[in-house]
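Asks: So that we are looking at the same thing, I have put the structure below in structure tokens.
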Amino acid sequence: MEKPIIIFGAKGIAHPALEIFNSHDLVVYGFLDEDESLHKKEINNVAILGNPEDDGFLKLIGKKCEAFVAVDDARYRASLVKMLNEKRKVQPVNALHRLSYISTDAAIGHGNFINAKVSIGAGASIGNHCILHTNATIEHQAKIGDFVQIGAGAVVNSGTTIGNGVFLGSGVTVVAGVTIGKNARVGAGSVVIGDVAANQTVFGNPAQVVEK
């Protein structure tokens, strides 16, 4: 990757994403964030330039710069990815920490944030635009969908299927072979021993449905 990178978002994972790119000797051109109070400020000497929808900066994407979307909120992240796909015909790049382990037999999509000491096993697949926090473990043959967020220290065991938009809190354990449906949420520290339906929220050991 030779082009500089523009990071969309200046909060949450934006700072660690900058550190990941710096560790690979990649140049970050700047940040874009919708919060105008942040404009013209800096993160580790890199400027927050303006708004993500500013055409003056967008026109750089794909020609002179790459893009990375550093937004925790899955819906907003998806809207920014859609904008980049449609307006600039590009996919965001991955931010892969040097201290992560990714099997040579694993499949990784676009726009993923994979932090330090994440382990991704043989035959596992990671979709697009996922966030995997420090020490998360994805065992062999596990399948992770798009826009999934996996908290620090979570363990996704072998043969599991994690649907699009799922949120797994810090320290969650998902036992082998379990399927978690689209947009489900699993509270921190939970142990998931059975399938979770789409859009459900579960918590506990063993994880139980949280009534709304």
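The values are calculated or read from the model by the stated rules, or taken from the named source; none is laboratory data. Keep in mind it's a predicted model, so treat the numbers as computed, not measured. Ideal geometry is used to build each Cβ from the backbone, glycine not excepted, and the neighbour counts take in all protein chains shown. What goes into the accessible areas is simple: the full protein's heavy atoms, side chains included, and nothing from ligands, DNA or RNA. Shrake-Rupley method; radii C 1.70, N 1.55, O 1.52, S 1.80 Å.
Asks: Over region 1-95, calculate the relative contact order: mean separation of alpha carbon pairs under 8 Å at least 6 apart, over the residue count, as a percent.
Replies: Values: 156 pairs, mean separation 30.4, N = 95.
Dividing the mean separation by the residue count of region 1-95 yields 32 percent.
Asks: Just need log10 I(q)/I(0) for region 1-65 at q = 0.28 Å⁻¹, Debye formula, equal scatterers on the alpha-carbon atoms, no solvent, rounded to two decimals.
Replies: -1.31
Asks: Which of Lys82/Lys143; Lys41/Lys64; Lys40/Lys87; Lys63/Lys182; Lys40/Lys64; Lys41/Lys89 have a Cα-Cα distance over 27 Å? Walk me through the numbers on the way to the answer.
Replies: Working: Lys82/Lys143 23 Å; Lys41/Lys64 23 Å; Lys40/Lys87 25 Å; Lys63/Lys182 35 Å; Lys40/Lys64 21 Å; Lys41/Lys89 29 Å.
From Lys82/Lys143; Lys41/Lys64; Lys40/Lys87; Lys63/Lys182; Lys40/Lys64; Lys41/Lys89, over 27 Å: Lys63/Lys182; Lys41/Lys89.
Asks: So, one more: I'd like the Karplus ³J(HN,Hα) series for region 33-42: coefficients 6.51, -1.76, 1.60, θ = phi - 60°, whole numbers in Hz, and an x wherever there's a Gly or Pro.
Replies: Calculated HN-Hα couplings, in order: 8, 6, 7, 5, 5, 8, 4, 6, 8, 10 Hz.
Asks: With each pseudo-label sitting 7 Å past Cα toward Cβ, what's the Asp55-His39 distance in nm, one decimal?
Replies: Distance between the two pseudo-spin positions: 1.6 nm.
Asks: Here's a follow-up. Based on the alpha-carbon set only, what is the convex hull volume of region 149-198 divided per residue, in Å³?
Replies: Per-residue hull volume (Cα only) is 51 Å³.
Asks: Calculate what fraction, in whole %, of the accessible area of region 103-169 sits on carbon and sulfur atoms when a 1.4 Å probe is rolled over the protein chains.
Replies: Numbers: 1000 of 2120 Å².
Result for region 103-169: 47 percent of the exposed heavy-atom area is carbon or sulfur.
Asks: Another question, then. Below 8 Å, C-alpha to C-alpha, sequence gap of six or more: please give me the relative contact order for region 132-212 in percent. Present the calculation step by step, with values, prior to reporting the outcome.
Replies: On the way: 258 pairs, mean separation 16.8, N = 81.
Relative CO of region 132-212 lands at 21 percent.
Asks: A further question follows. Which whole-Hz couplings ³J(HN,Hα) result when phi for each residue of region 110-118 is put into the Karplus expression 6.51 cos²θ - 1.76 cosθ + 1.60, θ = phi - 60°, listed in order with x for Gly and Pro?
Replies: Once rounded to whole Hz, the list reads 9, x, 8, 10, 10, 8, 4, 6, 6.
Asks: Would you please give the residues with an amide H less than 5 Å from that of Val27, counting only those at least 5 places away or on a separate chain, with H modeled from the backbone geometry?
Replies: Counting only residues 5 or more places away or on other chains, the set is Ile5.
Asks: Quickly work out the Lys89-to-Thr104 label distance, labels modelled 7 Å from Cα along the C-beta direction, and quote it in nm with one decimal.
Replies: Each label point lies 7 Å from its Cα, and together they span 3.5 nm.
Asks: Measure of size requested: the Rg and Dmax of region 72-155, with Cα atoms as the atom set and Å as the unit; please supply both.
Replies: When restricted to the Cα atoms of region 72-155, Rg and Dmax are 12.6, 37 Å.
Asks: Could you work out the relative contact order of the chain, using alpha carbon pairs under 8 angstrom and six or more residues apart, expressed as a whole percent?
Replies: Numbers: 589 pairs, mean separation 22.0, N = 212.
Dividing the mean separation by the residue count of the chain yields 10 percent.
Asks: What whole number of Å gives the distance from the Cα centroid of region 124-156 to the Cα centroid of region 157-212?
Replies: 12 Å
Asks: Using a 1.4 Å probe, what is the accessible area per residue for the chain, in Å²? Each step should come with its number before you reach the end.
Replies: On the way: 10020 Å² over 212 residues.
Per residue, the chain has an accessible area of 47 Å².
Asks: While we're here: Which cross-chain or sequence-distant (5 or more) residues have an amide H under 5 Å from the amide H of Thr137, H modelled 1.01 Å from N in plane?
Replies: Hits under the 5 Å cutoff: Ser119, Ala154, Val155, Val156.
Asks: Two decimals, Cα atoms only, Kirkwood Rh: what is Rg/Rh over the chain?
Replies: Answer for the chain: 0.99.
Asks: On to the next question. For Ala107, what residues show an amide H to amide H distance below 5 Å, using hydrogens built from the backbone and excluding near sequence neighbours?
Replies: Ala124, Ser125, Ile126
Asks: Another question, if that's okay. Going by alpha carbons, how many degrees (0 to 90, nearest 10) lie between the helix axis of 74-83 and the longest principal axis of the chain?
Replies: Tilt relative to the chain: about 40 degrees.
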